[in-house]
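Notes follow once the structure below has been shown.
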Amino acid sequence: MNTLSESSATAFDLIVGGDAGLLHTVALSFAVSGTACFCAAWLGLLAGAWLAVARFRGKRFVLLGLDTSLALPSVVAGLAVYLLLSRSGPLGSWGLLFTPTAMVIVQTLLALPIIMALARQVVADALRDGGDQLRSMGARPLLCALLMLLHERWAVVTLLLIAFGRAIAEVGAVMIVGGNINGFTRVMTTAIALETSKGDLPLALALGFVLLAVVALLNVVIAFVPRSHELQTAQLQ
């Protein structure tokens, strides 16, 4: 039996046996990423809806900046948050560096542009198809945009799942601001990086299997939700 097969067998034993360290790491990962996506959703959906209908000078540059932020390296976001929360930074007195709260902040910054950009596109497309009826009823532009978000709720669910997948798979930024402290700020991605460097392959593989399962489940849901909505619409018609 080679090292890979032995490590894989031990990894499955850790998962099936409900290893305490593994469960804590997984639970913290979901708590941090879930909170970050919840925070990003409130601001991102509203800002995206507003951008879809707003008319102001320099909007093209704002949209260009938004599109650019989609490709923002996560370590740059982590560095920016680190500088803000460090002792010499403007928010250093809050004592948030190397805490789960700092990880939530940086993951919120990473998820926010995704939600904003996709929400803006969803609203813009929906308004092109059905916005005239709302406008004829006297609805203001922002109200039209928010109603379209509600109407396209399955698309909103999909974009939120995409943002959550981006957040939970993040490693560089959360390691910078979280410090990868065992039992406190260690999440799945940072634990995998650390355990692999230490040579503890069973735990790294166990966390890797769980993370892959989460990502696969998200992709299945993302693929299923629009089709389910289309099927329900067709049955109603």
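The values are calculated or read from the model by the stated rules, or taken from the named source; none is laboratory data. Keep in mind that what you see is a predicted model, and the values were worked out from it rather than measured. In this analysis, Cβ positions are derived from the backbone assuming ideal geometry, glycine residues included, and neighbour counts consider all displayed protein chains. Areas reflect the complete protein model, heavy atoms only, side chains present, ligands, DNA and RNA absent. Shrake-Rupley method; radii C 1.70, N 1.55, O 1.52, S 1.80 Å.
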The chain: longest stretch without exposed trypsin sites (Lys or Arg not before Pro) (DSSP loop, at most 14 other Cβ within 10 Å), sites themselves excluded? 88-237
The helix 100-136 Cα axis meets the longest alpha-carbon principal axis of the chain at an angle in degrees, between 0 and 90 and rounded to 10, of 20 degrees
With unit charges on the beta carbons (Lys and Arg positive, Asp and Glu negative) and the dipole taken about the Cα centre of the chain, which residue among Phe209, Leu46, Leu28 sits farthest to the positive side? Leu46
Charge dipole (debye, nearest 20) of the stretch 9-190; +1 at Cβ of Lys and Arg, -1 at Cβ of Asp and Glu: 760 debye
Which of Ala145, Tyr82, Leu63 sits farthest toward the positive end of the charge dipole of the stretch 60-171, with +1 on the Cβ of Lys and Arg and -1 on the Cβ of Asp and Glu? Tyr82
For the chain, what is the accessible area per residue in Å² when the probe is 1.4 Å? 56 Å²
Long-range Cα-Cα pairs in the chain (distance over 24 Å), rounded percent: 55 percent
Pop out the carbon and sulfur fraction of the accessible area of the chain as a percent, whole number, probe 1.4 Å. 68 percent
GNM on the chain, Cα springs under 10 Å; top mean-square fluctuation among Ala41, Ala71, Ala206 goes to Ala71
